[in-house]
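Enquirer: I have a structure I would like to understand better, so I am pasting it below and will then ask my questions one at a time.
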Amino acid sequence: MARNPSPAHASADGNGSPSGLGTFGGVFTPSILTILGVIMYLRFGWVVGNVGLVGTLVIVTLATGITFLTGLSVASIATDQRVKTGGAYYMISRSLGIEAGGAVGIPLYIAQALSVALYTLGFAESVVNVFPALDEKTIALITTAAVTLLALRSARAAIRVQYVIMGAIGLSLLSLAFGGSIEPGPVEIEPVSRVGFWLVFAVFFPAVTGIMTGINMSGDLKNPSRSIPIGTLAAIAVGFLIYMIIPLFLVSRATPEQLISDPLIMRRISFWGDAIIMGVWGATLSSAVGSILGAPRVLQALARDRVIPKVFRILGQGSGPNDEPRIGTAFTFALAAGTIMLADLNIVAPILTMFFLTTYGVLNITAGLEGFLGNPSFRPKFRVHWLFSLAGAIGCTIVMFLINALATGAAITIVVIIYFWLEHQEIRSAWGDVRTGIWLNLTRTGLLRLRQKTVDPKNWRPHLLVLSGAPTKRWHLIELASALSHNRALLTVSSVLTGDTLSSTRIENMSTSIYEYLDKHGVQALVRIVTADDPFEGARQLVSTYGLGTLVPNSVVLGATEQLDHHEAYCNMIAHFYAAHRNTLIVRHNEQRGFGARRHIDVWWGGRKGNGALMVILSWLLSTSIEWRGSKVTIKMVVPTSAAAEGARVNLEEILLSSRTGARAEVLVSDGKPFWEIIKESSHSADLVFLGMATPDDNFQSYYSQLQERSSDLPTTVFVLAAENIEFGEVIM
């Protein structure tokens, strides 16, 4: 697919900023600081105490494996696209479309914004534990304001502070490495708790999900396609190494009971215990800084793509030479501060985790689809087999349900609601996405599976070609065809244009206008415009050539012509349709009555074979459409005498009972009265009439002229001529 740049801010159009951040400062540092977070300090001992050394190493390997697969997917996408501001949102929207990107991007922004409050409250709680006289919410607000001011100054300043935080975390790990046992002598390393393995896994897994922090800095990177893969995978590798080493210290210096009961067990077994407190503070602050840097950049990209409501578009503005989202940062601060004052984060936190994991899963799906479809435009420098991405997506889904099934359901519901809301907004994007490739592959597969010539009666449906010309002039044809198709069959609105001055550009513009008109009226259809010297010859060529493989229109819908000088060409055209095995539906529209109240449909029965069965199918399809729902279908039959009426009624009712269409039978006795007089009397109050038409022969023109003359006083009438090689009687049984 073509990935055209969004017409956003000028600084976002290049592949990174010449003065942007490098791999270490822009991706690796924020990612590793988020990975080495509070769970490492306050919950890792509990993990080891519950499942033992081997169980812990298995959990670390499984959890990091899922993150690693996601990292591979990110590397694949990042080395194919020009990744700009927006990180994961940008990657997803440019591959799966703006609806999918927005459905993930909006919750991702909210999750990151609320994460600022979550981390600063965690920092404040740890500070109050050391200094009980302080107020927790006041400390959280002051800390949130401080990290916001840091982010407003510049991303570089925030990254420099993170270097200091990294030093504090490094010092705490060195202090742990050179520490000693709580009690002398051997330590029991077998687990004593009976907490389930997967529950412990669910508690630990968020510890390895920090890679999004670095990815969201994409707009501030000097070379995103290089920095994101290297920085992300390096952070995953270093985090894995540290998480595999720490359990060795824990099991050799404390008992399982001590590991489980004391959240700050690392402080007791470290060389300098206060270094662990510094590490806890550094972990919470680094996560808060990462979130206050990443969230506004996602918001900036959402605003520039017009995904969020118009009133918030100002949040897409950037400031300074590096296009920093200062307005978005201030907005994020207000949201975080309000959350600190009002929200219960114990309820919100699980859903936030689900939003992050949903993003990881969708990134894996994105890379997997791109790799599986093999579009020529997808040429990543870092190639990953789509099976690895699929495994990553499955792993994310499983972990989400293991952590919190209720929060998973809530997160998925929110994402789906946003997706359909964005789809309803009909936002136009300036780039292609993978969805076209998906449909092309599905279409190809379907066409190849439909290569057989014969049609199974049980799977028959009307694929309609409507010869409407300009839709505004013969809208009744499209309206009727749409009701018959139920949006479950192929419907094509076509027009034959005559003239020598019709350029391809004009035809393309006309086609676009018709599509827009159909969309406005809720009609799902294809549009086909052809040119010809003669409209009837053009229609014949269209019917003969339109379609792909065996998927061709099986029925033609057109209006009746009353101009006598057109009858010969018109009838020759109908005969051509019949010879081409296309069913023909000629609509004689009553201009005064239209389709009436859409409550009564009369079908004049001439037998189960040929036209009769097809008309029953069409009337049933019509009566089950939204516009005609609840209408009464009456199958009417004329017999010459009363003696023949009873037998005919029994046979007709048996057929209709087997058809399960709900139509009722009505048998009329002519008693010498002309057929057309009976029709006009019986169907006078109907809203639509179906009548069978004779097979074209040498006298077909004379027959058609008489048909038009005799039906002139009827309500809107559809003349049906069955020509397809199928037993329609089997379709209704």
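Enquirer: Being farther than 22 Å from residue 131 by Cα and outside any helix (DSSP H, G or I) is the requirement here; does residue 306 meet it?
Expert: Details: farther than 22 Å from residue 131 by Cα: yes; outside any helix (DSSP H, G or I): yes.
Spelling it out, residue 306 is indeed farther than 22 Å from residue 131 by Cα and outside any helix (DSSP H, G or I).
Enquirer: Answer with yes or no whether residue 494 is more than 29 Å from the chain's Cα centre (by Cα), surrounded by fewer than 16 Cβ atoms within 10 Å (Cβ to Cβ) and of a type in the set (S, T, N, Q).
Expert: No.
Enquirer: Something else now. Working only within region 542-597, note down all residues that are part of a helix (DSSP H, G or I) and touching a strand residue (DSSP E or B) at 6+ places or on another chain (Cβ under 8 Å).
Expert: 542, 543, 574, 577, 578
Enquirer: Could you please let me know if residue 151 is among the small types (Gly, Ala, Ser), at pLDDT below 85, in contact with a Pro (Cβ under 8 Å, 6 or more places away or on another chain) and assigned to a helix (DSSP H, G or I)?
Expert: Numbers: among the small types (Gly, Ala, Ser): yes; at pLDDT below 85: yes; in contact with a Pro (Cβ under 8 Å, 6 or more places away or on another chain): yes; assigned to a helix (DSSP H, G or I): yes.
Yes; evaluated as a whole, the condition is true for this residue.
Enquirer: Shifting gears a bit: Looking at (1) surrounded by fewer than 13 Cβ atoms within 10 Å (Cβ to Cβ); (2) in contact (Cβ under 8 Å) with a residue 12 or more places away in the chain, find the lone condition where residue 650 falls short.
Expert: In the conditions (1) surrounded by fewer than 13 Cβ atoms within 10 Å (Cβ to Cβ); (2) in contact (Cβ under 8 Å) with a residue 12 or more places away in the chain, residue 650 misses (2) alone.
Enquirer: So which residues in region 319-337 are buried (at least 19 other Cβ atoms within 10 Å of the Cβ), part of a loop (DSSP other than H, G, I, E, B) and modelled with pLDDT under 85, if there are any at all?
Expert: Within region 319-337, just 323 meets the criteria.
Enquirer: A further question on this structure: Just to check your reading of the model, which residue among 559, 630, 594 is touching a residue at least 24 places away in the same chain (Cβ under 8 Å), closer than 14 Å to residue 718 by Cα and surrounded by fewer than 16 Cβ atoms within 10 Å (Cβ to Cβ)? Give the derivation first.
Expert: Values: 559 fails: surrounded by fewer than 16 Cβ atoms within 10 Å (Cβ to Cβ); 630 fails: closer than 14 Å to residue 718 by Cα.
Testing whether each residue is touching a residue at least 24 places away in the same chain (Cβ under 8 Å), closer than 14 Å to residue 718 by Cα and surrounded by fewer than 16 Cβ atoms within 10 Å (Cβ to Cβ) leaves just 594.
Enquirer: Going by the structure shown, is residue 11 polar (S, T, N, Q), modelled with pLDDT under 90, in contact with a Pro (Cβ under 9 Å, 6 or more places away or on another chain) and surrounded by 24 or more Cβ atoms within 10 Å (Cβ to Cβ)?
Expert: no
Enquirer: Can you tell which of 48, 60, 54 is without any contact (Cβ under 8 Å) to a residue 24 or more places away in the chain, among the β-branched types (Val, Ile, Thr), assigned to a helix (DSSP H, G or I) and in the same structural domain as residue 209 (by TED's automatic domain parsing)?
Expert: One residue alone meets the criteria, 54.
Enquirer: Further question: Give just the number: which of (1) touching a residue at least 40 places away in the same chain (Cβ under 8 Å); (2) surrounded by 23 or more Cβ atoms within 10 Å (Cβ to Cβ) does residue 124 not satisfy?
Expert: The number of the failed condition is (1).
Enquirer: For region 597-624, which residues satisfy the criterion of being of a type in the set (S, T, N, Q) and either in contact with a His (Cβ under 6 Å, 6 or more places away or on another chain) or surrounded by 19 or more Cβ atoms within 10 Å (Cβ to Cβ) (or both)?
Expert: Step one: filter region 597-624 for residues of a type in the set (S, T, N, Q), giving 611, 619, 623-624.
Residues satisfying the conditions are 611, 619, 623.
Enquirer: What is the number of the single condition among (1) of a type in the set (A, V, I, L, M); (2) within 23 Å of residue 275 (Cα to Cα); (3) without any contact (Cβ under 8 Å) to a residue 24 or more places away in the chain that residue 166 does not meet?
Expert: Only one criterion is unmet by residue 166, namely (3).
Enquirer: Can you tell me which residues in region 684-727 are closer than 18 Å to residue 578 by Cβ, in contact with a strand residue (DSSP E or B) (Cβ under 9 Å, 6 or more places away or on another chain) and either assigned to a loop (DSSP other than H, G, I, E, B) or not assigned by TED's automatic domain parsing to the domain that holds residue 553 (or both)?
Expert: 693, 694, 695, 696, 722, 723, 724
Enquirer: Checking residue 361 against (1) under 18 Å from the mean Cα position of the chain (by Cα); (2) at pLDDT below 70, which single condition isn't satisfied?
Expert: For residue 361, the failing item is (2).
Enquirer: Residue 169: modelled with pLDDT under 90 and surrounded by 14 or more Cβ atoms within 10 Å (Cβ to Cβ), yes or no? Lay out the reasoning, then the answer.
Expert: On the way: modelled with pLDDT under 90: no; surrounded by 14 or more Cβ atoms within 10 Å (Cβ to Cβ): yes.
No.
Enquirer: In region 127-161, which residue that is within 18 Å of residue 325 (Cα to Cα) and free of Cβ contacts under 8 Å to residues at least 12 places away in the same chain is surrounded by the most Cβ atoms within 10 Å (Cβ to Cβ)?
Expert: Looking only at region 127-161, we keep the residues that are within 18 Å of residue 325 (Cα to Cα), and these are 144-159.
Those still in the list that are free of Cβ contacts under 8 Å to residues at least 12 places away in the same chain too: 146, 149, 153, 157.
Details: 146: 16, 149: 14, 153: 13, 157: 13.
Restricting to residues being within 18 Å of residue 325 (Cα to Cα) and free of Cβ contacts under 8 Å to residues at least 12 places away in the same chain, the top hit is 146.
Enquirer: For the condition in the same structural domain as residue 249 (by TED's automatic domain parsing), within 28 Å of residue 357 (Cα to Cα) and at pLDDT 85 or above, what is the one hit in 178, 201?
Expert: Going through 178, 201 in turn, the sole match is 201.
Enquirer: Let me ask something else. Taking residue 731 as meeting all but one of (1) touching a helix residue (DSSP H, G or I) at 6+ places or on another chain (Cβ under 7 Å); (2) surrounded by fewer than 17 Cβ atoms within 10 Å (Cβ to Cβ); (3) touching a residue at least 60 places away in the same chain (Cβ under 8 Å), write down the number of the exception.
Expert: Answer for residue 731: the failing condition is (2).
Enquirer: Whether any residue in region 259-270 is more than 25 Å from residue 33 (Cβ to Cβ), over 35 Å from the mean Cα position of the chain (by Cα) and buried (at least 18 other Cβ atoms within 10 Å of the Cβ) is what I want to check.
Expert: Let us first name the residues in region 259-270 that are more than 25 Å from residue 33 (Cβ to Cβ), namely 260-261.
After this cut, where a residue has to be over 35 Å from the mean Cα position of the chain (by Cα) as well, the list is 260-261.
When the remaining residues are screened for being buried (at least 18 other Cβ atoms within 10 Å of the Cβ), the result is 260.
The answer is yes, given that some residue of region 259-270 is more than 25 Å from residue 33 (Cβ to Cβ), over 35 Å from the mean Cα position of the chain (by Cα) and buried (at least 18 other Cβ atoms within 10 Å of the Cβ).
Enquirer: From the list 56, 70, 79, 61, which one is crowded, with 22+ Cβ neighbours inside 10 Å, under 30 Å from residue 370 (Cα atoms) and of a type outside the set (Phe, Trp, Tyr)? Write out each step before concluding.
Expert: Details: 56 fails: under 30 Å from residue 370 (Cα atoms); 79 fails: crowded, with 22+ Cβ neighbours inside 10 Å; 61 fails: crowded, with 22+ Cβ neighbours inside 10 Å.
Only one candidate qualifies: 70.
Enquirer: Please work out if residue 539 is more than 26 Å from residue 479 (Cβ to Cβ), modelled with pLDDT of 90 or more and in a helix (DSSP H, G or I). Walk me through it before giving the result.
Expert: Working: more than 26 Å from residue 479 (Cβ to Cβ): no; modelled with pLDDT of 90 or more: yes; in a helix (DSSP H, G or I): yes.
Judged against the criteria, residue 539 is not a match.
Yes/no per residue for (1) out of contact with any Gly (no Cβ under 9 Å at 6 or more places or on another chain); (2) buried (at least 21 other Cβ atoms within 10 Å of the Cβ):
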| site | (1), (2) |
| --- | --- |
| 284 | no, yes |
| 290 | no, yes |
| 295 | no, yes |
| 309 | yes, no |
| 313 | yes, no |
| 317 | no, no |
| 339 | yes, yes |
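Enquirer: On the basis of being at pLDDT below 85, in a helix (DSSP H, G or I), buried (at least 19 other Cβ atoms within 10 Å of the Cβ) and among the acidic types (Asp, Glu), does residue 370 make the cut?
Expert: On the way: at pLDDT below 85: yes; in a helix (DSSP H, G or I): yes; buried (at least 19 other Cβ atoms within 10 Å of the Cβ): yes; among the acidic types (Asp, Glu): yes.
Yes: the conditions hold for residue 370.
The values are calculated or read from the model by the stated rules, or taken from the named source; none is laboratory data. Treat the numbers as computed from the prediction; the structure is a model and nothing was measured. We place every Cβ from the backbone using ideal geometry, glycine too, and count neighbours over all the protein chains shown.
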